[in-house]
Amino acid sequence: MSRRGSGQWGRAAPPLDAELDVLIPAFGRPAELAVTLAGLAGQDSPSFRVIISDQTEDVPVWESPSVSAMVRVLQAQGREVQLERNLPRRGMAQQRQFLLDQSRCAQVLFLDSDVWLEPDMLRRMSEALASAGCGFVGAAVQGLSYLDDYREHELEPLELWEGGVKPERVRQEEPAFQRWRLHNAANLTHAAAGMDIPSSGWRLYKIAWVGGCVIFDRAALVECGGFDFWDELPSNHAGEDIAAQWRVLERHGGAGILPSGAVHLEAPTTVADRSTDAADVVHGTSGE
């Protein structure tokens, strides 16, 4: 049992004062969610609480034995775990706004329910965000089935931030948009392996956007409207994370972090219908 707990399994430790809200949108995939929660249980700092917003129509996902077991582990460590039902499904933008509305900490991490974080990843992301003073920092999820697929040509847009993170404007027609290729396959794993980065350190780089694991300065995200555009979209949409990040990027700046430390479980997506692009609706340009 770690120092976070009471020292006895079966008795929940008193909740810690949280510095970070981890916001997890869920729909089915209990096995993957359990792995995601297990990754969180391996984090030492900062202090955090977990909010799960479930949109599974029949039985709540946390009633799965594997998920409920990991919820109990987090609670025994002194982590507050808030379980919410958010039905009917009205699209991912509404789901993310619902989660943001539940949050109260100065930093919020949107973490997809099929992402495992290596130990110490929360600390690195939180410290990187505070140090950079920008709107968000993202850890692009890595598909480790691609470890042997080295794509040197897709790493060409990689550009580290030097002298601080600055606001940027990214649109499809601009050269900066081509940075999206950096997040394919296991590209960032290969990139980080070629850099002299201390085990407890990081480097920040310029992005087009980041999916799956993004920590925001909550005040900056709220100031930019969060995901308040959700009611402008049909329930079947994608790209809501791009739309929100581009608004924050223009006012406060944003960055990706190396090494990533976020592993994609490579499960099938729960967003099958992507016929409406939220970035196109909100910004008048496609995010694909």
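The values are calculated or read from the model by the stated rules, or taken from the named source; none is laboratory data. Worth saying up front: this structure is predicted, and the values here are computed from it rather than measured. Here Cβ is always computed from backbone atoms with ideal geometry, including for glycine, and neighbour counts include all displayed protein chains.
Listing for the model above:
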{"read-out": "LEU109 vs. criteria in a strand (DSSP E or B) and surrounded by 22 or more Cβ atoms within 10 Å (Cβ to Cβ)", "value": "yes"}
{"read-out": "Some residue of segment 42-56 being assigned to a helix (DSSP H, G or I) and surrounded by 22 or more Cβ atoms within 10 Å (Cβ to Cβ)", "value": "no"}
{"read-out": "From the options PRO30, PRO46, residue that is without any contact (Cβ under 8 Å) to a residue 40 or more places away in the chain, out of contact with any His (no Cβ under 7 Å at 6 or more places or on another chain) and under 21 Å from VAL141 (Cα atoms)", "value": "PRO30"}
{"read-out": "Inter-residue pairs, beta-carbon under 6 Å, first over 14 Å from VAL214 (Cα atoms) and in segment 96-124, second assigned to a loop (DSSP other than H, G, I, E, B) and among the polar types (S, T, N, Q), 6+ apart", "value": "PHE98/ASN86"}
{"read-out": "Check on PRO259, of a type outside the set (Ser, Thr, Tyr) and in contact with a Ser or Thr (Cβ under 6 Å, 6 or more places away or on another chain)", "value": "no"}
{"read-out": "Qualifying residue in segment 222-235 (condition: aliphatic (A, V, I, L, M), over 16 Å from GLU127 (Cα atoms) and either crowded, with 24+ Cβ neighbours inside 10 Å or under 13 Å from the mean Cα position of the chain (by Cα) (or both))", "value": "no"}
{"read-out": "Members of segment 177-219 that are of a type in the set (Phe, Trp, Tyr) and within 22 Å of GLU127 (Cα to Cα)", "value": "TRP202, TYR205, TRP209, PHE216"}
{"read-out": "Count - residues of segment 205-250 that are in a strand (DSSP E or B), in contact (Cβ under 8 Å) with a residue 60 or more places away in the chain and out of contact with any helix residue (DSSP H, G or I) (no Cβ under 6 Å at 6 or more places or on another chain)", "value": "5"}
{"read-out": "Every pair of residues 6+ apart whose Cβ atoms lie under 8 Å, when the first sits in segment 142-157 and is in a loop (DSSP other than H, G, I, E, B) while the second is surrounded by 12 or more Cβ atoms within 10 Å (Cβ to Cβ) and hydroxyl-bearing (Ser, Thr, Tyr)", "value": "LEU147/THR189"}
{"read-out": "In segment 168-201, the residues that are touching a helix residue (DSSP H, G or I) at 6+ places or on another chain (Cβ under 6 Å) and either over 19 Å from HIS252 (Cβ atoms) or outside any loop (DSSP other than H, G, I, E, B) (or both)", "value": "ARG181, ASN184, ALA185, ALA186, ASN187, ALA191"}
{"read-out": "Only one of GLN82, GLN94 that is touching a helix residue (DSSP H, G or I) at 6+ places or on another chain (Cβ under 7 Å), at pLDDT 95 or above and surrounded by fewer than 18 Cβ atoms within 10 Å (Cβ to Cβ)", "value": "GLN82"}
{"read-out": "Members of segment 53-71 that are touching a strand residue (DSSP E or B) at 6+ places or on another chain (Cβ under 9 Å) and of a type in the set (D, E, K, R)", "value": "ASP54"}
{"read-out": "Residues (part of a loop (DSSP other than H, G, I, E, B), within 23 Å of ALA220 (Cβ to Cβ) and at pLDDT below 95) located in segment 251-288", "value": "GLY284, THR285, GLY287"}
{"read-out": "Single match in ALA255, ALA192, ALA267, ALA262 (criterion: in contact with a strand residue (DSSP E or B) (Cβ under 9 Å, 6 or more places away or on another chain), under 24 Å from PRO119 (Cβ atoms) and surrounded by fewer than 22 Cβ atoms within 10 Å (Cβ to Cβ))", "value": "ALA192"}
{"read-out": "Complete set of residues in segment 99-117 that are closer than 16 Å to GLY226 by Cα and of a type in the set (A, V, I, L, M, F, W, C)", "value": "LEU99, LEU100, CYS105, ALA106, VAL108, LEU109, PHE110, LEU111"}
{"read-out": "Close pairs (9 angstrom Cβ cut-off, 6 or more residues apart or separate chains): hydroxyl-bearing (Ser, Thr, Tyr) in segment 170-189, in a helix (DSSP H, G or I) and modelled with pLDDT of 95 or more anywhere", "value": "THR189/LEU144; THR189/TYR146"}
